[in-house]
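Right, one structure below, let's go through it.
The values are calculated or read from the model by the stated rules, or taken from the named source; none is laboratory data. This one's a predicted model, so the numbers in the text were calculated from it and none came from an experiment. Neighbour counts are summed over all protein chains in view; Cβ atoms, including those assigned to glycine, are modelled from backbone coordinates with ideal geometry. Keep in mind that these areas ignore ligands, DNA and RNA; they rest on the heavy atoms of the full protein, side chains included. Shrake-Rupley method; radii C 1.70, N 1.55, O 1.52, S 1.80 Å.
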Amino acid sequence: MVRLWEKLKRGKFYKSFRSLRIRVFCLIILTGIIPCIVLHFGILERYLNNAVAVRTSEVQTQVRIIADHLITYNYLLDSSSDIVNAELSQLSNLYDGRVLIIDSNMKIIKDTYAVSEGKTIISEDIIKCFKGGGASNHLQETRYIEIIVPIEEKIDDKARIVGVMLTSVSTDSILSSYEYIKNRALLLEILAMVVIFGIAFFMSRKMLKPFEKITDAINEVKNGFTDEEISVTDYKETEQIGDAFNQMLGRMKVLDDSRQEFVSNVSHELKTPLASMKVLADSLITQEDVPAELYREFMTDIAEEIDRENKIITDLLSLVKMTRTSADMNVETMDINSILELMLKRLGPIATKANVKLIFESRRPVNAEVDEVKLTLALSNLVENAIKYNIEGGWVKVVLDADHQYFFVDVSDSGIGIPQEAIVHIYERFYRVDKSHSKEIGGTGLGLAITRNAVLMHRGSITVQSEEGKGTTFKVKIPLTYISQ
């Protein structure tokens with residue numbers, strides 16, 4: 001069964017049925033045809049049953065009248081009554097049927113076909129009728145209605161069954177009317193199906209036209225013919241799809257602009273050290289008998305530019321790693337207190353050189369599932385920036401806390417702060433708040449971008465609060481248990 005289903009899924013029919021237009025078409029067809037089929041069989045069957053019931057009731061009424069006449073004219077003892085025989089013949093001819101009169105000895109005393117008179121007939125229905133009940137049966141195979149009525153004689157207000165009247169009535173006229181109505185109904189159904197097919201074809205195309213508009217608009221954007229937003233307001237669903245696409249298109253534009261700016265920034269940042277080294281090298285080449293002191297000074301500058309170039313490349317590689325999937329995460333349960341203590345110990349010389357005091361406050365022991373390298377790099381960038389953009393004799397404070405679900409690292413400083421209009425840009429690659437002093441302060445402008453990506457890879461969040469001249473506080477929140485995608 002499973003293999004059969006797999007074959008059907010690979011077949012052309014299944015692939016065609018995956019089309020929404022085909023499904024809408026089939027749904028409308030079924031919605032129109034199924035009621036027609038139900039009405040067809042339901043109405044025709046009801047007509048046939050009602051017609052048989054009416055014919056049965058009609059004949060039973062006449063048979064009971066004749067049965068009374070049989071008693072009146074003492075027909076069971078003397079079957080020569082012309083009046084009764086005429087009534088029996090008239091009933092037989094009127095309904096194209098046959099009438100049998102059976103006495104209490106199960107003997108047929110009258111047969112309108114005149115073939116079974118004098119014979120004995122025994123059947124379950126006749127025996128039941130003698131016991132006090134009539135019967136009627138619709139014999140569809142022989143196309144007859146069989147009606148059995150008792151012949152009752154009343155003596156002293158008591159009824160006694162003295163015979164049975166068995167009447168067979170043809171249903172040919174009923175079936176002829178049934179076939180006529182059936183044929184007319186079939187013509188109407190065929191006409192209805194043609195109309196339904198036309199409506200289904202028209203509606204399936206009409207209803208899905210807005211989706212074709214969306215597809216065409218997306219293809220135009222994909223092929224580069226336009227970058228305008230799409231608007232298909234025919235349905236609420238198409239409007240939602242259009243809005244979602246426009247949001248995605250806006251996001252793509254932002255990403256494309258960011259990519260172009262990133263490429264431009266990378267080119268600029270990589271060319272600047274190269275240009276400086278080129279100038280220094282050309283100066284040495286064009287001068288003759290360069291003094292050793294000047295030579296050493298120029299070579300020192302070239303080495304610094306090489307270090308700067310290497311730093312940019314290293315940070316770029318780190319940023320690339322931070323934008324990969326969670327498969328690149330090397331997650332282990334780590335002591336966060338120890339990680340922060342070791343990190344601050346390594347940054348101690350930088351803080352001492354800048355005359356900045358490092359403060360670490362741990363409010364509780366914290367163990368969490370993290371990638372030690374990425375987390376250390378992210379928090380190191382925050383602390384290192386706090387040291388670089390601080391004031392003489394300032395401080396940097398790192399606070400560790402946790403609850404039942406997350407741990408929190410706050411990095412605060414007494415530095416120069418960040419202007420409010422610049423806060424939304426600080427995570428952009430190569431963005432610097434104070435570009436005029438970027439060379440003196442150092443760095444590549446990639447640190448906060450690396451930090452943010454590292455925090456996001458841990459399924460955490462990072463926020464910042466800052467005021468110019470009063471310092472900055474970065475708040476990092478990371479789950480204690482790593483949540484993989």
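Would you mind getting me the FRET efficiency between Thr215 and Ile34? Use the beta-carbon distance for r and R0 = 30 Å, nearest 0.05. Let's see the in-between values first.
Values: r = 32 Å, r/R0 = 1.06.
Here the calculated transfer efficiency is 0.40.
Could you work out how far the C-alpha centroid of segment 175-236 sits from that of segment 377-399, in angstrom?
What the calculation gives is 66 Å, centre to centre.
At 0.36 nm per residue, and after removing the present C-alpha to C-alpha distance, how many nm does the segment from Gln247 to Lys182 gain when stretched out fully?
Values: separation 65, 0.36 × 65 = 23.40 nm, distance 5.90 nm.
Gain in length upon complete extension: 17.5 nm.
Say a paramagnetic label sat at a point 7 Å from the Cα of Asn49, along Cα to Cβ; which residues of segment 136-166 have their backbone N under 17 Å from it?
It comes to 136-140, nothing else.
Can you classify segment 12-168 as rounded, prolate or oblate using the Cα gyration tensor, where a ≥ b ≥ c are the square roots of its eigenvalues, rounded means a/c under 1.5, and otherwise it's prolate if a/b beats b/c and oblate if not? Walk me through the numbers before you get to the answer.
Values: a/c = 3.64, a/b = 3.50, b/c = 1.04.
The shape class here is prolate.
Given the protein chains as shown and a 1.4 Å probe, how many square angstrom of Asp82 are accessible, to the nearest 10?
Ignoring ligands and nucleic acids, Asp82 comes out at about 120 Å².
Using a 1.4 Å probe, how large is the accessible area of Thr233, given in Å² and rounded to the nearest 10?
Answer for Thr233: close to 90 Å² accessible.
Whole-Hz ³J(HN,Hα) for each residue in segment 366-378, computed from phi via Karplus 6.51 cos²θ - 1.76 cosθ + 1.60 with θ = phi - 60°, x for glycine and proline: what do you get?
Those phi angles translate into 10, 10, 8, 8, 9, 8, 4, 5, 5, 5, 4, 4, 5 Hz.
Suppose each label sits 7 Å from its Cα in the direction of the beta carbon; what would the Arg363-Gln287 distance come out to in nanometres?
Those two pseudo-labels are separated by 5.8 nm.
All other residues with a Cβ under 9 Å from the Cβ of Met277 taken together, and with Lys, Arg as +1 and Asp, Glu as -1, what is their net charge?
-2
What is segment 137-254 by shape, rounded, prolate or oblate, if you read a ≥ b ≥ c off the alpha carbon gyration tensor as root eigenvalues and call it rounded for a/c under 1.5, prolate for a/b larger than b/c, and oblate otherwise? Display every interim value, and only then the final one.
Numbers: a/c = 8.58, a/b = 4.07, b/c = 2.11.
Taking the square roots of the gyration eigenvalues as a ≥ b ≥ c, segment 137-254 is prolate.
Once you list every other residue whose beta carbon is under 11 Å from the beta carbon of Ser461, what net charge do they have if Lys and Arg are +1 and Asp and Glu are -1?
Details: positive: Arg452, Arg459, Lys475, Lys477; negative: none.
In short, +4.
What spacing in nm lies between the two simple spin-label points modelled at Ser173 and Glu332, each 7 Å away from Cα in the Cβ direction?
It is 10.2 nm.
For segment 74-117, rounded, prolate or oblate, judged on the Cα gyration tensor with a ≥ b ≥ c (square roots of eigenvalues), a/c < 1.5 rounded, else prolate if a/b > b/c? Mind dumping the intermediate values first?
Numbers: a/c = 2.32, a/b = 1.34, b/c = 1.73.
Oblate, because a/c is 1.5 or more while a/b does not exceed b/c.
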